[in-house]
1. Scan the stretch 19-71 for residues that are of a type in the set (A, V, I, L, M) and in contact with a Phe, Trp or Tyr (Cβ under 9 Å, 6 or more places away or on another chain) and jot them down.
2. Filter the stretch 1-58 down to the residues that are among the hydroxyl-bearing types (Ser, Thr, Tyr) and in a helix (DSSP H, G or I), then identify the one that is nearest to Val70 (Cα to Cα).
3. Can you tell me which residue is surrounded by the most Cβ atoms within 10 Å (Cβ to Cβ) among those in the stretch 104-124 that are closer than 15 Å to Ala20 by Cα and modelled with pLDDT of 60 or more?
4. Show the residue pairs meeting these rules: Cβ distance below 8 Å; 6+ apart or different chains; first residue within the stretch 43-55 and modelled with pLDDT of 95 or more; second residue hydroxyl-bearing (Ser, Thr, Tyr).
5. Assess whether Thr23 counts as being within 14 Å of the chain's Cα centre (by Cα) and of a type in the set (Val, Ile, Thr).
6. Select from the stretch 59-103 the residues that are assigned to a loop (DSSP other than H, G, I, E, B) and surrounded by 12 or more Cβ atoms within 10 Å (Cβ to Cβ) and list them in ascending order.
Amino acid sequence: MLEEALAALAVASGTAVVQAAGTDAWNGFQVRVARLFGRGDAHRERAELERLGRTAELLAAAGMEEPEQVRIRQEVSWQTRFETLLESLTAEEREQVAAELRSLLAEKTEHGRRVGGVVSGNTFHGPTAIQVGDRNRQDNHFGPGA
């Protein structure tokens, strides 16, 4: 059983896989995750890339029917995989992989902060509101008494 900090790292890593899938950061992110799981074995690394690809495909195909359930299942699946990886390592290897995961998560977070929306080729007539980001809330009121 992992100590609390490593268990939390596994949870964050599982969530990060799902959040990164389909984004501009996905290609580099999935390669680094596959390398972590491959641990120097090219065959295992390819297998992990395939598994990560299937995750991205499942998330993209979820559509309107059950996107939240698919997302949760994939997060839990990857969390479990990260936990299993960390548990299988020696203490020294575990610290090295944990440091790599922390670095990867920090870079993903930083990349997420830099990425913004692009509005191009649009013509607006009248009041306009544009919002970018995940799970934001925006209330707009136009007209008299707004």
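1. Correct list: Ala20, Ala21, Val33, Leu36, Ala47, Leu52, Ala56.
2. Restricting to residues being among the hydroxyl-bearing types (Ser, Thr, Tyr) and in a helix (DSSP H, G or I), the top hit is Thr55.
3. Residue satisfying both the conditions and the ranking: Lys108.
4. Here the result reads Thr55/Ser77, each pair linking the stretch 43-55 to a residue that is hydroxyl-bearing (Ser, Thr, Tyr).
5. Answer is yes for this residue.
6. Of everything in the stretch 59-103, those that are assigned to a loop (DSSP other than H, G, I, E, B) and surrounded by 12 or more Cβ atoms within 10 Å (Cβ to Cβ) turn out to be Ala62, Leu89.
The values are calculated or read from the model by the stated rules, or taken from the named source; none is laboratory data. Nothing here was measured: the structure is a model prediction, and the numbers come from that model. Using ideal geometry, Cβ is built from the backbone for each residue, glycine included, and neighbour counts are taken over all protein chains shown.
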